[in-house]
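Undergrad: Sharing a structure, written as structure tokens. Questions coming.
The values are calculated or read from the model by the stated rules, or taken from the named source; none is laboratory data. Because the structure is predicted, anything quoted here is derived from the model rather than measured. Reconstructed Cβ throughout: ideal geometry from the backbone, glycine too, with neighbour counts over all protein chains shown. Each accessible area value is taken on the protein alone, full model and side chains, heavy atoms only, with ligands, DNA and RNA left out. Shrake-Rupley method; radii C 1.70, N 1.55, O 1.52, S 1.80 Å.
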There are 2 protein chains.
Amino acid sequence: MLLETIHHRPESPYAYPLELDQLRVRIRTKKGEVSGCRVFHGDRYRSEEEEEEVLLTQTASDLWFDWFEGVIPAPTRRVQYVFRLDTEENTWWYGEKGISQERGAAGVFHYAYIHEEAVLRVPEWARDAAVYQIFPERFANGDAGLDPEGVLPWKSNTPPKSDSFYGGDLKGIIDRIPWLAELGVNTLYLTPIFRSPSNHKYNIDDYEQIDPGFGDWKTCKAMVETAHHYGIRVLFDGVFNHSGSGFFAFRDVQEKGAASPYKNWFRIRDFPVVMSPQPHYETFADHIPDMPKLMTHLPEVREYFLNVAEYWTREMGIDGWRLDVANEVDAAFWRAFRERIRSVNPDALIVGEIWHDPGPWLRGDQWDSVMNYRFREAVISFFATCEWTAEEFEARLTSARMGVPEQAASAMWNLLGSHDTERFLTRCNHDRKRFQLAVLFQMTYPGIPMIYYGDEVGMEGGPDPDCRRPMVWEEEKQDRELFDFHRKLLDLRHRLAPLRRGDYRTWKVDGKKGIYAFLRRYQEESVGVVINNGDRRRSIRLEGTAWGEGAVLLDPL
Amino acid sequence: MLLETIHHRPESPYAYPLELDQLRVRIRTKKGEVSGCRVFHGDRYRSEEEEEEVLLTQTASDLWFDWFEGVIPAPTRRVQYVFRLDTEENTWWYGEKGISQERGAAGVFHYAYIHEEAVLRVPEWARDAAVYQIFPERFANGDAGLDPEGVLPWKSNTPPKSDSFYGGDLKGIIDRIPWLAELGVNTLYLTPIFRSPSNHKYNIDDYEQIDPGFGDWKTCKAMVETAHHYGIRVLFDGVFNHSGSGFFAFRDVQEKGAASPYKNWFRIRDFPVVMSPQPHYETFADHIPDMPKLMTHLPEVREYFLNVAEYWTREMGIDGWRLDVANEVDAAFWRAFRERIRSVNPDALIVGEIWHDPGPWLRGDQWDSVMNYRFREAVISFFATCEWTAEEFEARLTSARMGVPEQAASAMWNLLGSHDTERFLTRCNHDRKRFQLAVLFQMTYPGIPMIYYGDEVGMEGGPDPDCRRPMVWEEEKQDRELFDFHRKLLDLRHRLAPLRRGDYRTWKVDGKKGIYAFLRRYQEESVGVVINNGDRRRSIRLEGTAWGEGAVLLDPL
């Protein structure tokens, strides 16, 4: 056996609590080498004689590895455990000291104590969520009286510029909530709506006010209440990495220089504050003058923004936050954020923006999940550009899924596009069939599907700012077939619990034929999804599995 | 190349900041396969053209793997990077997406932002420290007036019982400080000294008082000041996992039951509180009635113990804490503890008791290092029982060293024994030569050597309580040769900076001959250590290395 490839560590994502008395463990082995895997476990202070045994299940594979998983009961919260791996020829023990045929030489892993802060508690409702992302300036104009000067006509066929305004607002969202309910989404994520001079509002000048071009406190409250009335939850966008240059604290520093009590809220090289040609202070990304980086690790800065977040959570009754540039803000801020927000709304969902490996942020104390851009990458390479085989596709999905706790994997925002990317249909080179396959996959794979406004009616658009065109509302310009396709799949998802809450198992992967099939199981019910990503009709043989045996095959689409 | 064995993750211990603008990266490859390794890096928001390149150094190997390491300059604190691995036949790229011969397909790793909380800052003095552990009840009796009733005569040749008292106290420690200075240690770690009915005092009844059998506030202050006068630092033992059953809060719960305001400080199944035959509340380990587990995750409990720790740190002017059962206390407590203690004494050293993989606690926000029991295990298997070959010994040391950031590895408390283990000389079956080899290794390997009181004069003792015999003070009963050996090695360590502060490289490992040789280098100076663990004289050939070329060989012992 290739021992060098076996991997486990007694911490997330290889060991993490589901509850205070349940520890889920995961072990990675070389593909095809291990036929059976068990874990022997007990309280850290008890003897080997009192230990118990759990049979692990092989839950996933990629091109190189297999994963086995199981749940260790931990009534005392203190766990020690050792794996036993069976191969055709031998039995191996694997513990903290290494891998050995002698149990004693392998040692044991210790998960010293299960603390509440390590239990990733994702709100129950998230398992049933379907998210719709709105870029408010471009979604719907409900109150022409709020339109900024120089507003452009609501036309979707020309690319916006980075400083264009079209007049979208919160009233527009309110008006369209019945339409969103008809589509079948039940969660809205709004990009920022606080006062800001830009159309995207990621440079916030006043965190305590709704942008006057979007509406006011009352409109916002009406929007949230209308949404709730329709069974739709609302998430705001939290921009705590940087403020706008008109933020009161930054203005104070601009005015008073080193004498400002807010000078440490930012990292300013020297005074007076210089904004151009290059800012003399740290900013978001690469010297963006109107996005000064916030020193959120300082208690007074942290407190200010926690109060902001608490205020909106409580006063507007929102259901959670999407967090901007979240991996550049300090972990202490996010820990305090989670504590504060959950104290106001124990059911608030917290989702970070992160395009890469999110492991460190999903260990129970920071966020529930992330915008799953790695999902988008995989879906592009398989469905849109067909660069990957089904095997490569599965491998990438598997390793992403195995890189986070199950609770987070089930709550990932599986997106095909966002305000920061080319639109998916455009990425598919306008091929609706490819797009539809991707949507089918998105709606059936573990995680929360997220639709970027307009994708569901066939909107096109290249990278930012082109992906931010005004929403197409004229029915004759909408792709109604696509809309119905989305509606049908969302409906199917809501009707079939396994698609929302089920475990996942790969069923069949056949790169040559372009077949990718998987099963979702929840309680006694299983749903199989069979995708033909190739360009012709195929006959395939699907083996019965532990889950699929004797299944009735239906084509509910 | 065996791609399945290559491993990196963009978090500690594979990527961690040394400073706010320096990121150390580490990559593990299959032994002998990679001839050269580079990392290409840049700011996350800049283009590939602006990236720079760092050549990594192979710093370690074990039986299966090689490790390469290097430091990425990160002036903007935001890093993306990709590894290039050269083998004899090919060049491979390794990034977040995987391993590929095409750079683009490999993707890049992201270390999104270097925050202060992720920089593990170990006090500078720790690099020069040599620790001596004192179990005060057994070290020296300086004030017979404090002796408890039924005190036993100070005799080292009979095993103590678990409830024996011999009368050791703080005055005894004060009296022996010149002797400790003569030995050459510069840091004392005292097991608990707060009021407690036991001889070990790990069940503390009053965290605000020195145990009257040990002395009072003034004696304690005099002890710390005398130590400081001799250039010796003092660390206390922090027992925050559990209290004693006489702790005021627990007594209150015993008296008032569910009506006590302290009832949530513990986890009590039902009221009234039952202590026997089995406690009805959670305790340390397995139902130990006089050690009720503390709910340190509750703000009021946390605050109480942070105040305790702050009080002693400030009022006694101590230099740090050793933390008892530290991996069973919640991480939030330790983060707050570090912040609080460092705000009082920025140079305080924080060392956890943990017998296993300490990785999660050594990421900058909790502790500086741990009591290195894994070091002890390795040293026993190689020097004491000779079960391991030199190759196995090196492998175990390497994987422990590579499992934590370098700052922590340099500050590990490398111990041969403690109040919780059999004494090392006893473990060596009384073989002084074996013991001496182990001491030589302990004094020259990276980390802080820790001497358990009495080991340096040849004390023997089996597992607790036998390892806690009264210190031997009669010179004729002391092994003076061993004492001199310790003194000489400590002196050598203090004279040769590479032994305290140097990087480490294995020089030669020859299991057949029992040879283990390594180099330490600091600035321009190198020290080589050659250990013959076999039972006869050997001729070996030591190759010149990048560090050893043209070296002058001395035998300073």
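Undergrad: Given (1) under 25 Å from the mean Cα position of the chain (by Cα); (2) within 28 Å of B:Ser399 (Cβ to Cβ); (3) not acidic (Asp, Glu), where does B:Ile515 come up short, assuming only one miss?
TA: Unmet condition: (1).
Undergrad: Right, next: How many of the residues making up segment A:176-233 are over 25 Å from A:Pro123 (Cα atoms), hydroxyl-bearing (Ser, Thr, Tyr) and in contact with a helix residue (DSSP H, G or I) (Cβ under 8 Å, 6 or more places away or on another chain)?
TA: 2
Undergrad: Among the residues of segment A:110-127, is there at least one that is out of contact with any Pro (no Cβ under 8 Å at 6 or more places or on another chain) and part of a strand (DSSP E or B)?
TA: no
Undergrad: If I filter segment B:11-23 down to residues being open to solvent by 20 Å² or more (accessible area, probe 1.4 Å) and over 12 Å from B:Val404 (Cα atoms), which single residue comes out as nearest to the other protein chains (Cβ to nearest Cβ)?
TA: By that ranking, first place goes to B:Leu20.
Undergrad: Further question on the same structure: Please verify whether segment A:229-250 includes one or more residues that are part of a helix (DSSP H, G or I) and within 26 Å of the chain's Cα centre (by Cα).
TA: yes
Undergrad: OK, next. If you go through segment B:136-156 one residue at a time, do you hit one that is in contact with a Lys or Arg (Cβ under 6 Å, 6 or more places away or on another chain) and either within 14 Å of another protein chain (Cβ to nearest Cβ) or open to solvent by less than 10 Å² (accessible area, probe 1.4 Å) (or both)?
TA: Taking every residue of segment B:136-156 in turn, at least one turns out to be in contact with a Lys or Arg (Cβ under 6 Å, 6 or more places away or on another chain) and either within 14 Å of another protein chain (Cβ to nearest Cβ) or open to solvent by less than 10 Å² (accessible area, probe 1.4 Å) (or both).
Undergrad: Pairs only if they're at least six apart or on different chains, beta carbon under 8 angstrom, first in segment A:33-57 and more than 11 Å from chain B (Cβ to nearest Cβ) and of a type in the set (Ser, Thr, Tyr), second open to solvent by less than 50 Å² (accessible area, probe 1.4 Å) and assigned to a loop (DSSP other than H, G, I, E, B); list them, first residue then second.
TA: Pairs found: A:Ser35/A:Thr87.
Undergrad: Going by the structure shown, is B:Ala258 of a type in the set (Gly, Ala, Ser) and out of contact with any strand residue (DSSP E or B) (no Cβ under 8 Å at 6 or more places or on another chain)?
TA: Yes.
Undergrad: Give the number of residues within segment B:159-209 that are assigned to a loop (DSSP other than H, G, I, E, B), closer than 18 Å to B:Thr226 by Cα and open to solvent by 10 Å² or more (accessible area, probe 1.4 Å).
TA: So the answer is 2.
Undergrad: To continue, here is another question. For segment B:47-57, name all the residues that are buried (at least 16 other Cβ atoms within 10 Å of the Cβ) and more than 24 Å from A:Val329 (Cα to Cα).
TA: Within segment B:47-57, B:Val54, B:Leu56 meet the criteria.
Undergrad: Just need a number here: residues in segment A:105-132 that are open to solvent by 40 Å² or more (accessible area, probe 1.4 Å), over 30 Å from B:His242 (Cα atoms) and either within 11 Å of chain B (Cβ to nearest Cβ) or hydrophobic (A, V, I, L, M, F, W, C) (or both).
TA: Residues that pass the stated criteria total 1.
Undergrad: To continue, here is another question. Can you name the condition, by its number, that A:Ile540 falls short on among (1) assigned to a strand (DSSP E or B); (2) of a type in the set (Val, Ile, Thr); (3) in contact (Cβ under 8 Å) with a residue 24 or more places away in the chain; (4) surrounded by fewer than 17 Cβ atoms within 10 Å (Cβ to Cβ)?
TA: Exception for A:Ile540: condition (1).
Undergrad: Among (1) more than 14 Å from every other protein chain (Cβ to nearest Cβ); (2) open to solvent by 50 Å² or more (accessible area, probe 1.4 Å); (3) touching a residue at least 12 places away in the same chain (Cβ under 8 Å), there is one condition B:Arg267 misses while meeting the rest; what is its number?
TA: Exception for B:Arg267: condition (1).
Undergrad: Which condition number in (1) within 14 Å of another protein chain (Cβ to nearest Cβ); (2) within 33 Å of the chain's Cα centre (by Cα); (3) surrounded by 18 or more Cβ atoms within 10 Å (Cβ to Cβ); (4) over 26 Å from A:Phe337 (Cβ atoms) is the one that A:Pro75 fails?
TA: Result: A:Pro75 fails condition (3) only.
Undergrad: From the list B:Asp290, B:Asp368, B:Asp319, B:Asp286, pick out the single residue that is under 30 Å from A:Arg9 (Cα atoms), at pLDDT 95 or above and not aliphatic (A, V, I, L, M).
TA: B:Asp368
Undergrad: Please go through segment B:270-314 and give me each residue that is part of a helix (DSSP H, G or I), within 14 Å of chain A (Cβ to nearest Cβ) and either among the charged types (D, E, K, R) or buried (at least 18 other Cβ atoms within 10 Å of the Cβ) (or both), ordered by number.
TA: B:Val301, B:Arg302 - these are the residues of segment B:270-314 that are part of a helix (DSSP H, G or I), within 14 Å of chain A (Cβ to nearest Cβ) and either among the charged types (D, E, K, R) or buried (at least 18 other Cβ atoms within 10 Å of the Cβ) (or both).
Undergrad: Going residue by residue through segment B:455-474, is there one that turns out to be outside any loop (DSSP other than H, G, I, E, B), open to solvent by less than 40 Å² (accessible area, probe 1.4 Å) and under 27 Å from B:Arg401 (Cα atoms)?
TA: yes
Undergrad: Does any residue of segment A:79-91 turn out to be within 14 Å of another protein chain (Cβ to nearest Cβ), without any contact (Cβ under 8 Å) to a residue 40 or more places away in the chain and closer than 23 Å to B:Leu63 by Cα?
TA: no
Undergrad: How many residues are closer than 19 Å to B:Gln133 by Cβ and either acidic (Asp, Glu) or in a loop (DSSP other than H, G, I, E, B) (or both) when one looks only at segment B:415-440?
TA: Within segment B:415-440, residues that are closer than 19 Å to B:Gln133 by Cβ and either acidic (Asp, Glu) or in a loop (DSSP other than H, G, I, E, B) (or both) number 9.
Undergrad: Before we move on, is A:Glu394 part of a helix (DSSP H, G or I), at pLDDT 95 or above, of a type in the set (D, E, K, R) and closer than 16 Å to A:Gly447 by Cβ?
TA: Yes; evaluated as a whole, the condition is true for this residue.
Undergrad: Considering every residue within segment A:485-506, establish whether at least one is open to solvent by 10 Å² or more (accessible area, probe 1.4 Å), more than 21 Å from the chain's Cα centre (by Cα) and closer than 30 Å to A:His200 by Cα.
TA: The answer is yes; a qualifying residue exists.
Undergrad: Let me ask something additional. Within segment A:24-46, track down each residue that is open to solvent by 50 Å² or more (accessible area, probe 1.4 Å) and not basic (Lys, Arg).
TA: A:Gly32, A:Glu33, A:Ser35, A:Tyr45
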